[in-house]
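Below you'll find the structure, written out as structure tokens, and then a few comments.
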Amino acid sequence: MKKILLLSVLTMGALASFSQEKATLTKEETINYLNKKIKEIDGHYRTDSKALYYYSQSVSKSSEQIIVTSSYRNYADNPRVNDYYKGNVYPCDYFENSFSHTFNPGHIKSISLKSNPNDPVAIIVITLIGKTASERFVNAGTTTNINGGNYGGKCNGWATPEKSSSTSEIWFPFLQSDPTNFNKIKKALEYLRDLYKAEDDPFGN
């Protein structure tokens with residue numbers, strides 16, 4: 001009986017220790033976790049009038065802010081072909097978009113879900129207290145050939161009207177095929193928010 005009781009106490013102690021370890025992640029460790037989760041969507045798609053395939057995303061730290069980047073295209077695989085005369089050419093309907101958001105997680109006001117249940121990828125919508133995030137948008141869609149006309153149904157002229165603005169809303173794409181992901185990422189974002197807020201104003205509410 002004493003052995004059983006001792007084993008129970010040790011088990012409870014181990015679980016308590018594990019719980020404390022999870023609750024004391026640093027900012028860097030939490031950002032690394034979010035980076036791992038966002039990379040799970042590589043090669044997967046969500047539908048927005050057409051299928052958009054994700055191929056490059058990350059979450060990183062920059063000074064006292066974090067940067068969330070994501071990129072998608074309308075082809076599952078990169079359709080680039082190298083032509084001897086024209087260089088890299090693409091189908092003329094090809095496009096790829098990239099987004100980058102830089103913000104202070106301490107400014108997070110709310111976290112919600114935007115989802116098509118049939119898609120592997122859904123969106124976590126992060127709403128901030130105001131337009132405190134910097135948004136950079138690059139639309140790298142192909143146009144007609146830079147030398148005029150299109151070349152055998154292929155194009156190699158790029159339209160890249162990069163735009164920068166301030167925003168109060170950030171989209172965080174994630175793999176909803178794992179039904180636990182939304183709650184995990186939401187908790188990580190809320191935990192990161194609390195870390196930043198406590199560091200910024202340790203005596204605030």
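Annotations for the structure displayed:
- If the condition is being part of a helix (DSSP H, G or I), in contact with a strand residue (DSSP E or B) (Cβ under 8 Å, 6 or more places away or on another chain) and closer than 18 Å to Phe182 by Cβ, then the stretch 21-50 contributes Leu34, Asn35, Lys37, Ile38, Lys39, Glu40, Ile41.
- Residue list for the stretch 158-191, restricted to those being open to solvent by 60 Å² or more (accessible area, probe 1.4 Å) and acidic (Asp, Glu): Glu162, Glu169
- Boolean, Tyr53 is under 25 Å from Cys155 (Cα atoms), within 14 Å of the chain's Cα centre (by Cα) and assigned to a strand (DSSP E or B): yes
- So Tyr85, is it modelled with pLDDT of 90 or more and either within 19 Å of Asn181 (Cα to Cα) or open to solvent by 50 Å² or more (accessible area, probe 1.4 Å) (or both): no
- Exactly one residue out of Ser58, Ser62, Ser49 is surrounded by fewer than 13 Cβ atoms within 10 Å (Cβ to Cβ) and under 24 Å from Glu29 (Cβ atoms), and it is Ser62.
- Of all residues in the stretch 106-118, exactly one satisfies the criterion of being open to solvent by less than 20 Å² (accessible area, probe 1.4 Å) and under 16 Å from the mean Cα position of the chain (by Cα), namely Ile108.
- Matching residues in the stretch 134-188 - criterion: being of a type in the set (A, V, I, L, M, F, W, C), at pLDDT 80 or above and closer than 15 Å to Ser70 by Cβ: Phe137, Val138, Ile170, Trp171, Phe172, Phe174, Leu175, Ile185
The values are calculated or read from the model by the stated rules, or taken from the named source; none is laboratory data. Predicted model only: the values in this text are computed from it and were never measured. Glycine gets a Cβ as well: all are built from the backbone with ideal geometry, and neighbour counts include every protein chain shown. Surface areas here come from the heavy atoms of the whole protein model, side chains and all, with no ligands, DNA or RNA. Shrake-Rupley method; radii C 1.70, N 1.55, O 1.52, S 1.80 Å.
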